Amino acid sequence: ILNVEQSPQSLHVQEGDSTNFTCSFPSSNFYALHWYRWETAKSPEALFVMTLNGDEKKKGRISATLNTKEGYSYLYIKGSQPEDSATYLCAFTRGSTLGRLYFGRGTQLTVWP
Amino acid sequence: DTAVSQTPKYLVTQMGNDKSIKCEQNLGHDTMYWYKQDSKKFLKIMFSYNNKELIINETVPNRFSPKSPDKAHLNLHINSLELGDSAVYFCASTTGKVETQYFGPGTRLLVL
């Protein structure tokens, strides 16, 4: 069983606050780490795919970092807005089972105006 | 244009019935997936097809049978529906084994 752990499980912040969450994954046989944004009643939408240790990706106010040696990734949101409210999922791909994503349970973010 | 589409969006049916959910993608992707979102909102992979060939088959009851008539379509047929089959089923597709997966809107199945 491969455990992909995300913390915190839920997070409530005020508009304008910056926030970050963590995804932990097995560091052995790593191939790629994905972040998805999942709004209620919609389907998950891809944010980033990262493959190299030390990778940093940015999309507007959202950025992510990757540490494959210790098995974690951080997702940062700068100046949170109510429209950022969603569940943020990370998913891990192993080298031995390419094509299969192992999802975490997500961090549910609520941004209050 | 909808990239990954699923039909129906909602499905309410009686226990014991047989039903199918359809998925189509117009992205030209080779690989398609079925996921089940359980009661705790966790996404679990069920099946994956690459160019009409089954490549991932997780431990699911054999009442669930995927069918891929061509690489743009992956359907899910469920026999003898049970209460525990109630869930949201998501289809997804991708170009390659480490690329982003694009998800459909989900099919909300309720078994009464």
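Quick look at the numbers
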read-out	value
Subset of the range B:1-48 (residues that are away from chain A (no Cβ under 12 Å), over 15 Å from B:Asp70 (Cα atoms) and in contact (Cβ under 8 Å) with a residue 60 or more places away in the chain)	B:Thr7, B:Pro8, B:Leu11, B:Val12, B:Thr13, B:Gln14, B:Met15, B:Gly16, B:Asn17, B:Asp18, B:Lys19, B:Ile21
Test: residue in the range B:59-70 that is within 14 Å of chain A (Cβ to nearest Cβ), modelled with pLDDT under 95 and part of a strand (DSSP E or B)	no
A:Thr19 being more than 26 Å from B:Asn50 (Cβ to Cβ), touching a Phe, Trp or Tyr at 6+ places or on another chain (Cβ under 9 Å) and open to solvent by less than 30 Å² (accessible area, probe 1.4 Å)	yes
Residues being within 14 Å of chain B (Cβ to nearest Cβ) and either surrounded by 13 or more Cβ atoms within 10 Å (Cβ to Cβ) or free of Cβ contacts under 8 Å to residues at least 24 places away in the same chain (or both) - total across the range A:26-77	28
All positions within the range B:80-109 that are surrounded by 14 or more Cβ atoms within 10 Å (Cβ to Cβ), over 21 Å from A:Leu101 (Cβ atoms) and away from chain A (no Cβ under 14 Å)	B:Leu81, B:Asp85, B:Ser86, B:Leu109
Any hit, the range B:40-53, residues being at positive phi and loosely packed, with under 13 Cβ neighbours inside 10 Å	yes
In the range B:1-42, the residues that are of a type in the set (Gly, Ala, Ser), in contact with a strand residue (DSSP E or B) (Cβ under 8 Å, 6 or more places away or on another chain) and part of a loop (DSSP other than H, G, I, E, B)	B:Ala3, B:Ser39
Residue check, A:Gln81 within 9 Å of chain B (Cβ to nearest Cβ) and either more than 28 Å from B:Lys36 (Cα to Cα) or in contact with a strand residue (DSSP E or B) (Cβ under 8 Å, 6 or more places away or on another chain) (or both)	no
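The values are calculated or read from the model by the stated rules, or taken from the named source; none is laboratory data. All values derive from a computational prediction rather than experimental measurement. Positions of Cβ are backbone-derived with ideal geometry, glycine not excepted, and every protein chain shown enters the neighbour counts. Note: areas computed on protein heavy atoms with side chains; ligands, DNA, RNA excluded. Shrake-Rupley method; radii C 1.70, N 1.55, O 1.52, S 1.80 Å.
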